[in-house]
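Below is one structure, written out as structure tokens; comments come after it.
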Amino acid sequence: MFFGAVTGRFERLDILVTVPGGTFTAAFTDTTRRGWDTLIALNFTQILDSIHVPIPLLRAGGGGSIVNVTSSEAHRAAPGVAVYAAMKAAIENLSRTLALELARDGIRVNCVAPDPFPTPNGIRVGAFPQDLESEDVQTSNEVTIPLGRMGRATEVAGAVLFLASALATYVTGTTLIVDGGVLAAGGWYRRLDGYSNRLPSDVATALALTAKSRE
């Protein structure tokens, strides 16, 4: 019905952008099948539907671009959001496969993987702090994010626009990671005098004292 209304108004479909999302934070051993089914439906099954239905419309128009918004969690371990991350990885693989299957139809398929971009739901489930402007959050950003800050929604939109546009007509089956360098850092921390893969001594001491107080 939705895609019928789109083509009825605009006569053709050239660009499809899917933006799935939603999770809760819990250790995998504390989750249940009901929770898994919800996460799978929200983050993967609905994407299958959203792509499968309009492919004939893209073919009829002579081709087009599909951009699936995933997450950097598709490329690394994700404690507390295991099923969510697994579904993001599934979308990445699906996108690469469809890029091959649909290439002869002139349909390009790519992904954008953002992180860290605070959202209202992300703040609600505890993935981001309530006060994004606090001094400790700013310090954390400067240490853990090579560009020194969290991302903006417009920066994800810009990546999607590029992949959907004529500027990317020879780009398909790939992922544009928009994360301020976090994935590339791979455990290296940004410091005033360069980078280190070890915690500063004062931070390590504070963590040790916290752990000792809990014993």
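Rule-based calculations on the coordinates, nothing more; no lab input. Quantities reported herein were computed from a predicted structural model and do not represent experimental measurements. Here the Cβ positions follow ideal geometry from the backbone for every residue, glycine too, while neighbour counts run over all protein chains shown.
Under the convention that each Lys and Arg Cβ holds +1 and each Asp and Glu Cβ holds -1, the size of the dipole of the range 128-215 around its Cα centre is about 280 debye. Remark: S95, S196, S201 ranked as S201, S196, S95, counting other beta-carbon atoms within 10 Å and listing the fewest first. Looking at the chain, the DSSP beta bridges with both ends there are about 20 percent antiparallel. Projected onto the charge dipole of the range 9-161 (+1 at Lys/Arg Cβ, -1 at Asp/Glu Cβ, origin at the Cα centre), which of G106, V19, G151 gives the Cα projection farthest towards the positive end? The one lying farthest along the dipole's positive direction is G106. Placing unit charges on the Cβ atoms of the charged side chains and taking the dipole of the chain about its Cα centre, the candidate lying farthest along the positive direction among P56, L39, L167 is P56. Evaluated with a Cβ-only charge set (Lys, Arg +1; Asp, Glu -1), the range 30-127 carries a dipole of roughly 60 debye about its Cα centre, given to the nearest 20.
Only the Cβ atoms of Lys and Arg (+1) and of Asp and Glu (-1) were treated as charged; on that basis the dipole of the chain about its Cα centre amounts to roughly 420 debye. Among 81-91, 3-13, 57-67, 17-27, the peptide with the highest mean count of other Cβ atoms within 10 Å heads the list, and the full ranking is 81-91, 57-67, 17-27, 3-13.
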